[in-house]
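The next block holds one structure in the form of structure tokens; read it before the comments.
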Amino acid sequence: MIVDDDETLCYLLKEELLNEGFKVDITYDGKFAIQNLKNKNYDLLLLDLEMREISGEEVLDFVKENYPGLQVIVLTAKSEMRTAIECIKKGAYDFITKPYEFNQLLVIINRALELRDLIVKNRLLSEKVNQTIPHQIIGESVKIKEVIKLAERAAKSDSNILLEGETGTGKEIFAEFIHKNSERNEKPLVAINCASLPDQLIESELFGFEKGSFTDAKSSKQGLVEIANRGTLFLDEIGELSLTLQPKLLRFLEKGEFRRIGGIANLTSDVRVIGATNKNLMEESENKNFRKDLLFRLNVITLTIPPLRERGTDILILANYFLEKKSPLRSKKSLSPEAETKLLGYDFPGNVRELEHIIERAIIFSEDNTIHAKDLYLPQSNEQINSYDETETEILPMEEVEKKHMRKILIHHKWNREKTAHDLGISLKTLYTKIKKYDLK
């Protein structure tokens with residue numbers, strides 16, 4: 001956005017910037033600049049200092065308090081040099097004196113945009129929103145090759161995608177793969193786990209909030225949908241999203257519009273949404289736990305990631321990949337034939353993620369450079385854990401069976417909630433709900 005009361009300069013500058021491929025808005029006073037900022041996302045502000053109602057300095061103060069990632073370049077006359085320097089101290093990226101060469105300004109603009117991209121990437125890392133997910137998909141089985149081929153084709157479109165599959169099958173890696181192979185790959189991939197946070201926190205993370213909207217809101221904050229603008233938003237465990245938040249997500253998917261918590265302005269953001277779930281969302285919608293209209297918006301393209309037990313030829317390929325990745329550099333380890341046989345005979349209820357953890361544990365506990373069968377420490381098989389005496393005549397309601405089974409798995413894992421949820425194939429949020437419901441202690 002160009003903010004300057006010189007209409008001729010604004011017109012000429014806009015034409016030059018349009019020729020360079022930028023999208024440009026113009027406003028002639030700070031008052032209207034602030035209104036625009038509340039209603040639209042900008043990457044850069046070209047800001048004059050002397051204007052009628054609200055000065056450039058006041059606009060800069062507003063920007064730094066509410067939109068800290070927005071870069072500001074001050075346009076100043078030579079007589080205002082001291083003020084321009086003060087603006088730099090307040091957080092403006094740079095200033096340029098009038099009259100100026102357009103090419104000189106263009107260099108500063110491009111540098112400012114590079115800094116903005118760096119700030120976005122650093123924020124993603126610091127908030128652990130965009131996890132470091134390798135986008136290489138390992139596997140030679142027919143089933144995984146089919147899904148990879150479909151994912152490559154889906155990546156070329158701009159449609160929303162739903163990834164289905166059991167816990168640990170690698171849905172997040174496929175999301176990264178799709179993003180890296182899409183036309184949005186130069187922009188952020190932003191991820192959030194919908195099962196890991198309570199409703200209010202998820203809403204504030206997704207859509208942001210305005211200053212003063214709640215007790216600790218000492219400044220405004222951008223939501224993930226703003227940070228992901230022109231990129232990809234990955235909603236992991238989307239089946240856990242509450243019925244309260246689902247209409248807000250649906251509105252965003254339909255119109256690209258959202259409101260920050262405590263805000264009254266409709267903001268827009270252009271993102272491609274990838275959802276992932278280990279639930280059958282069609283069954284969830286039939287049971288009134290998930291909105292059908294939201295499901296239809298999400299599953300324009302649906303990819304089902306096969307469980308590891310259906311990818312038998314990939315087990316040893318993946319095991320050796322994790323060995324190579326996690327072994328100490330000076331003492332690479334290998335699997336003995338007996339260890340390979342033991343792995344091939346296990347059904348991996350936790351899928352690829354479980355295999356990775358098994359290999360990592362075996363590397364630690366093996367005494368030499370060969371991993372033997374005894375080093376694998378595989379959990380009890382499903383038959384052992386879930387076995388019930390078929391001759392028992394005790395008849396129990398399903399809830400009582402679930403309660404007993406859940407308690408057995410909790411005891412097996414010494415009340416480690418994460419491992420229990422992992423083995424049961426449910427989210428932590430669901431496990432805590434069940435523990436409270438059945439009063440398990």
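The table below lists the values:
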read-out: Of all residues making up region 112-144, the number that are assigned to a helix (DSSP H, G or I), among the charged types (D, E, K, R) and at pLDDT 90 or above; value: 1
read-out: Residue within region 85-105 that is in contact (Cβ under 8 Å) with a residue 12 or more places away in the chain, more than 30 Å from F209 (Cα to Cα) and acidic (D, E) present; value: no
read-out: Residue in region 7-21 that is surrounded by 14 or more Cβ atoms within 10 Å (Cβ to Cβ) and part of a loop (DSSP other than H, G, I, E, B) present; value: no
read-out: Scope region 382-437; condition more than 20 Å from F348 (Cα to Cα), β-branched (V, I, T) and at pLDDT below 75; matching residues; value: T391, T393, I395
read-out: Filter result for the condition that a residue is surrounded by fewer than 20 Cβ atoms within 10 Å (Cβ to Cβ), outside the structural domain of Q35 (by TED's automatic domain parsing) and farther than 27 Å from L428 by Cα, over R260, R230; value: R230
read-out: Conditions (1) at negative phi; (2) in contact with a helix residue (DSSP H, G or I) (Cβ under 9 Å, 6 or more places away or on another chain); (3) not polar (S, T, N, Q); number of the one not met by G91; value: (1)
read-out: Residue match in region 293-302 (condition: at pLDDT below 95, part of a loop (DSSP other than H, G, I, E, B) and not assigned by TED's automatic domain parsing to the domain that holds T430); value: yes
read-out: Within region 155-209, tally of residues that are in contact with a helix residue (DSSP H, G or I) (Cβ under 9 Å, 6 or more places away or on another chain) and either of a type in the set (A, V, I, L, M, F, W, C) or part of a strand (DSSP E or B) (or both); value: 20
read-out: Only one of E254, E286 that is of a type in the set (D, E), modelled with pLDDT of 90 or more, within 21 Å of the chain's Cα centre (by Cα) and in the same structural domain as K221 (by TED's automatic domain parsing); value: E254
read-out: Residue count, region 317-341 (criterion: assigned to a helix (DSSP H, G or I) and either within 14 Å of I364 (Cα to Cα) or not polar (S, T, N, Q) (or both)); value: 13
read-out: Of all residues in region 310-322 being surrounded by fewer than 19 Cβ atoms within 10 Å (Cβ to Cβ) and touching a helix residue (DSSP H, G or I) at 6+ places or on another chain (Cβ under 8 Å), the one that is farthest from L235 (Cα to Cα); value: L316
read-out: Pair list, Cβ under 6 Å, 6 or more apart: region 236-265 residue on the phi > 0 side of the Ramachandran plot, other residue crowded, with 17+ Cβ neighbours inside 10 Å and not β-branched (V, I, T); value: E237/N193; E237/C194; E237/A195; E237/S427; G262/F209; G262/E210
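Residues are listed down the side, and each one gets a yes or a no for (1) modelled with pLDDT under 90; (2) surrounded by 14 or more Cβ atoms within 10 Å (Cβ to Cβ); (3) among the aromatic types (F, W, Y):
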residue: V24; (1), (2), (3): no, yes, no
residue: K31; (1), (2), (3): yes, yes, no
residue: E65; (1), (2), (3): yes, no, no
residue: Y93; (1), (2), (3): yes, yes, yes
residue: T97; (1), (2), (3): yes, yes, no
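The values are calculated or read from the model by the stated rules, or taken from the named source; none is laboratory data. None of these values were measured; they are calculated from a predicted model. Using ideal geometry, Cβ is built from the backbone for each residue, glycine included, and neighbour counts are taken over all protein chains shown.
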